[in-house]
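Beneath this line is the structure, given in structure tokens, with notes to follow.
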Amino acid sequence: MSKKKIGYDDAYSLKTPEDSIKLYKKWAQAYDEDFALSSNYLSPAKICSFFNKHARNTDTPILDVGAGTGLVGECLNKTGNKKIIGIDISPEMLEQAKLKGCYSSLVSANVTKKIPLKNNSVGAVVSAGTFTHGHVGPDAFDELLRITKPGGLFVLSINSKVFIKGGFQEKFSRIKNSISVPIFNEFKAHGNNKDENFSKIKIFASIFRKK
């Protein structure tokens, strides 16, 4: 009997950081092939594209939040961004990211707690697939703003289903004096797909700068 593949249902049913650690420990080695390739996952390339469109030379180093197996870092690295820090709660996912050779450093940490980086130490923050069901909520923005230099660029994917009910809309309102007016670009998380569930997933690319 074949082993059931891990998928979106498993990821969306997560409740705690401990759940994430357990799931991604199991999923790490198969994630790129079983999920990213098979579902035509577009979010990493989209976030990379939005970053390159809005970035300045000063937006470095780049912090990739929820770096996972390094899909965003790999894309950024190919387009000439060389100083990229990957942070993720799963050491096993970061081991896969390390194999891609696109990060200047990797940090295993829970971004819903205090992030082990200095104030005003990163020039930009990117993220794909992390601000979604059962993963990281909007409260992480406070720590991300703390460690980002004034003027630093943020390019974050936020699942449209959690944008209001997950508190992201309210959070943007609360931090409006600390950031530029955000730009929101909606896109589909996945390209052409046989699975209708994948086709329905929409993302807001949320683009702003720390004041």
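The values are calculated or read from the model by the stated rules, or taken from the named source; none is laboratory data. Since this is a predicted model, take the numbers as computed values, not measurements. Glycine also receives a Cβ, built like all others from the backbone with ideal geometry; neighbour counts cover every protein chain displayed.
Listing for the model above:
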{"quantity": "Tally, over region 78-97, of residues that are surrounded by fewer than 16 Cβ atoms within 10 Å (Cβ to Cβ) and assigned to a helix (DSSP H, G or I)", "calculated": "3"}
{"quantity": "Residue that is nearest to residue 45 (Cα to Cα), among those in region 113-139 that are buried (at least 19 other Cβ atoms within 10 Å of the Cβ) and hydroxyl-bearing (Ser, Thr, Tyr)", "calculated": "127"}
{"quantity": "Hits in region 167-207 (condition: more than 23 Å from residue 48 (Cβ to Cβ), touching a Pro at 6+ places or on another chain (Cβ under 7 Å) and surrounded by 15 or more Cβ atoms within 10 Å (Cβ to Cβ))", "calculated": "171"}
{"quantity": "Restricting region 183-205 to residues that are over 21 Å from residue 164 (Cβ atoms) and not hydrophobic (A, V, I, L, M, F, W, C), the residue that is modelled with the highest pLDDT", "calculated": "191"}
{"quantity": "Residues satisfying the stated conditions in region 192-211, i.e. outside any loop (DSSP other than H, G, I, E, B) and of a type in the set (Lys, Arg)", "calculated": "202, 209, 210"}
{"quantity": "Any hit, region 76-88, residues being at pLDDT 95 or above, farther than 27 Å from residue 186 by Cα and among the aliphatic types (A, V, I, L, M)", "calculated": "no"}
{"quantity": "Filter result (under 16 Å from the mean Cα position of the chain (by Cα) and outside any loop (DSSP other than H, G, I, E, B)) within region 162-191", "calculated": "162, 163, 168, 184, 185, 186, 187, 188, 190"}
{"quantity": "Whichever residue in region 112-153 is at pLDDT 95 or above, among the β-branched types (Val, Ile, Thr) and touching a helix residue (DSSP H, G or I) at 6+ places or on another chain (Cβ under 6 Å) and, among such residues, is farthest from residue 94 (Cα to Cα)", "calculated": "122"}
{"quantity": "Condition met for residue 118 (without any contact (Cβ under 8 Å) to a residue 40 or more places away in the chain, closer than 24 Å to residue 82 by Cα and out of contact with any strand residue (DSSP E or B) (no Cβ under 6 Å at 6 or more places or on another chain))", "calculated": "yes"}
{"quantity": "Residue tally, condition surrounded by 14 or more Cβ atoms within 10 Å (Cβ to Cβ) and part of a helix (DSSP H, G or I), over region 140-161", "calculated": "9"}
{"quantity": "Enumeration of residues in region 39-56 that are small (Gly, Ala, Ser), at pLDDT below 95 and assigned to a loop (DSSP other than H, G, I, E, B)", "calculated": "39"}
{"quantity": "Subset of region 89-111 [closer than 14 Å to residue 72 by Cβ and in contact (Cβ under 8 Å) with a residue 60 or more places away in the chain]", "calculated": "93, 96"}
